[in-house]
Amino acid sequence: MRPEVALPVLLPLLSGAISLLFWRSRPMQRFTAVAGNLALMVVALWLLVSVHQEGYVTIQMGGWEAPTASPWWPTCSAR
């Protein structure tokens, strides 16, 4: 199980929550938004490298098995 798969969802939520704490400080909101986006870019690159090296990266949630359906992008078959 790879918990970093959930980070692209959790980081913007965390960044937004922290931004709400600084609702009176515009500079802190900007800093939080920039820091959150930079962290999201790092996680996206990390996942890109993980997928390139290992193939599919999945996470199991709620006790359900990882999806066995076809991936969301079209598959090509060489004939």
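For Leu47, are the conditions met, namely being within 19 Å of Val5 (Cα to Cα) and free of Cβ contacts under 8 Å to residues at least 24 places away in the same chain? In short, no.
The criterion of being at pLDDT below 90 and on the phi < 0 side of the Ramachandran plot holds for Pro74. Of all the criteria given as (1) at positive phi; (2) surrounded by 12 or more Cβ atoms within 10 Å (Cβ to Cβ), the one not satisfied by Glu4 is (1). Scanning the range 7-45 for residues that are exposed (fewer than 12 other Cβ atoms within 10 Å of the Cβ) and small (Gly, Ala, Ser) yields a single hit, Ala17. Annotation: of all residues in the range 11-26 being part of a helix (DSSP H, G or I) and of a type in the set (A, V, I, L, M, F, W, C), the one that is nearest to the chain's Cα centre (by Cα) is Leu11.
Within the range 19-65, can you find the residues that are aromatic (Phe, Trp, Tyr) and touching a helix residue (DSSP H, G or I) at 6+ places or on another chain (Cβ under 8 Å)? Hits for the range 19-65 are Phe22, Trp23, Trp46.
The values are calculated or read from the model by the stated rules, or taken from the named source; none is laboratory data. Quick caveat, the model's predicted, so the values are computed rather than measured. Counting neighbours? That spans all protein chains shown, and the Cβs are built from the backbone with ideal geometry, glycine included.
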